Amino acid sequence: MSASPVRWAAPRRIVNRLTKRFTRDLLQMVENNNTSPHDVLSRFPTSARLTVKQSTNRFFMYEEHAPNKIQDDDPMTPTITTTPMELADLLANKDDADDDDDADYHYYWTSPISSVAPTLLQDEFHWYQQLHHHDENGDDTTLDPSIHQRLDPRGPSLWMGTFGSGTQCHYDVANNVILQLHGTKRIRCFPPHVGVTHLHVFPDAHPRARKSQVKFETDDHDHDHDQSHNKEVAKNQQQHYPHFDQKNPPQPFLDITLHPGDALEIPAFWFHHVENGITSTTTTTTIRRPHRNEEQEPSVSLNSFVLSEPMMIAQQIFQKASQPMMRYNVSCTTEQVPGVLRGLGVALVQSLGLLPPCNDENDDEAAAVAYIQRNLLDARYAPLMVSWTTNEESNGASGTNTNIRVPITDEQQLAIETCIKSIRSDFEDLVMKEEDRIDDNNNDNEVLVDRNGIVVLVALHLLELWAVQMVGASSVYDAWKKALL
């Protein structure tokens, strides 16, 4: 089965009848302050109770702490429970709390509108599906029924944050439209391959999966620390995250500031780093700039997600390739796990064409091992190892030699080959097609759709998935380290 083309090739601003009308209406709404957090939250039920993240760190992340995840030393971001009006005051830095230290906190809240203010959704944002009524050129068109079926069943979400807050660089597995309602939002977008190569993404088995471990706030636009502090942090980061060059960081594909009425599409698997109230110093394609000093305001935006075709293909891959030894009724002892993982990993990397041509089979395997070492262990796990005590260290203390990899059996080799063959066509559906090109309005050059980056992200997830199923989330690093010896 061949997937239809990905709808959104790269991040870009939406311009259609809805956004033009909404922008025009917002000019008047902004004058009347009708899009402020206070105004929007005043239309919430007075009985509503909102769970708000509170932190001295201005960048927030989605976290999923669970027994089947890697146990993280960093605690979850603290939360507080507020009424809608209490949240409005916190976002505007007008809280009346007795503790003056509250002024040092940033606040961040998001929720599907339907779960907290269904009447507001019906009265004010019932038109949100129209954000997806346009073709590749941004012109209005009839909503594709398949997209309607893939819209987030919860409907759109509201996102609110204090001035200067933001969300750490990450990618989503759904296509995303962001419509700015109040304040400004700077968004830097990076192609998937940049995330793989430079951004040291948290492991998929980690509570902060899909997020970059790199602290972007050490750049020149940071407002929280002086330059001497940032230089020290940058030095430590360069040692901790060697794939991210602090002196020559990867440049974003798009660096844009959204003002009220601006809407931006971000395709699935594209990394984006978001800062509220911070203005882009490079590219801005905003429709217009209101006379109010929006940059000093808290941010309110509406997000609408659509399940992406790459994610649906990825789900097929994970289902077909899950538990390969068990699926094909082949036994695998604990001692054989590293050998089986190595066989699966080398076969997967070689089958995807991720390596340069090689005439020597041994060199080809060594190249595949090096590829996994760099993009999985060095990029994702090594930065976390400072606070970990590995099972290997424990075994070494007892005198047990764990560095001997048991050869795999013929039955295991056949299962590996069968597993990789079963998902090859699905990966081909993700691979870049020659006709998948988009126009880059910035330099009039054609930009290839970064499907190869998506392929690598999906492949890395699969490498982790196999290890999690065989040894558990806490032992993934040890298992793959032994597999690659």
Residues that are open to solvent by 70 Å² or more (accessible area, probe 1.4 Å) and within 23 Å of Val173 (Cβ to Cβ), drawn from segment 66-90
Pro67, Asn68, Met76
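Collect the residues in segment 295-307 that are surrounded by 14 or more Cβ atoms within 10 Å (Cβ to Cβ) and more than 16 Å from Tyr171 (Cβ to Cβ), keeping them in residue-number order.
Start the filter on segment 295-307 by keeping residues that are surrounded by 14 or more Cβ atoms within 10 Å (Cβ to Cβ), which leaves 295, 297-307.
The answer is Glu295, Glu297, Pro298, Ser299, Val300, Ser301, Leu302, Ser304.
Restricting attention to segment 151-174, report how many residues are part of a loop (DSSP other than H, G, I, E, B) and touching a residue at least 40 places away in the same chain (Cβ under 8 Å). Quick ask: steps written out before the conclusion?
Going residue by residue through segment 151-174, those that are part of a loop (DSSP other than H, G, I, E, B) are 152-156, 162-165, 171-173.
Right, trim to touching a residue at least 40 places away in the same chain (Cβ under 8 Å) and you get 152, 154-156, 162-165, 171-173.
Total satisfying the criteria: 11.
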Can you find even one residue in segment 386-407 that is at pLDDT 90 or above and either of a type in the set (S, T, N, Q) or more than 26 Å from Lys211 (Cβ to Cβ) (or both)?
yes
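Given the options Arg21, Arg13, name the one that is open to solvent by 60 Å² or more (accessible area, probe 1.4 Å), at pLDDT 55 or above and touching a Leu at 6+ places or on another chain (Cβ under 6 Å).
Working: Arg21 fails: touching a Leu at 6+ places or on another chain (Cβ under 6 Å).
One residue alone meets the criteria, Arg13.
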For Glu435, indicate whether it is modelled with pLDDT under 85 and open to solvent by 40 Å² or more (accessible area, probe 1.4 Å).
yes
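Rundown of residues vs (1) modelled with pLDDT of 75 or more; (2) exposed (fewer than 12 other Cβ atoms within 10 Å of the Cβ); (3) out of contact with any Cys (no Cβ under 8 Å at 6 or more places or on another chain), yes/no style:
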position: Pro118; (1), (2), (3): yes, no, yes
position: Leu121; (1), (2), (3): yes, no, yes
position: His132; (1), (2), (3): no, no, yes
position: Thr142; (1), (2), (3): no, yes, yes
position: Pro145; (1), (2), (3): no, yes, yes
position: Gln149; (1), (2), (3): yes, yes, yes
position: Asp152; (1), (2), (3): yes, no, yes
position: Gly155; (1), (2), (3): yes, no, yes
position: Leu158; (1), (2), (3): yes, no, yes
Please pick out the residue among Pro67, Pro78 that is of a type outside the set (Ser, Thr, Tyr) and either in contact with a helix residue (DSSP H, G or I) (Cβ under 6 Å, 6 or more places away or on another chain) or modelled with pLDDT under 90 (or both).
Pro67
Go through (1) under 31 Å from the mean Cα position of the chain (by Cα); (2) open to solvent by 30 Å² or more (accessible area, probe 1.4 Å) for Pro310 and report which single condition fails.
(2)
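The values are calculated or read from the model by the stated rules, or taken from the named source; none is laboratory data. Quick caveat, the model's predicted, so the values are computed rather than measured. So basically every Cβ, Gly included, is an ideal-geometry build from the backbone, and we count neighbours across all protein chains shown. Keep in mind that these areas ignore ligands, DNA and RNA; they rest on the heavy atoms of the full protein, side chains included. Shrake-Rupley method; radii C 1.70, N 1.55, O 1.52, S 1.80 Å.
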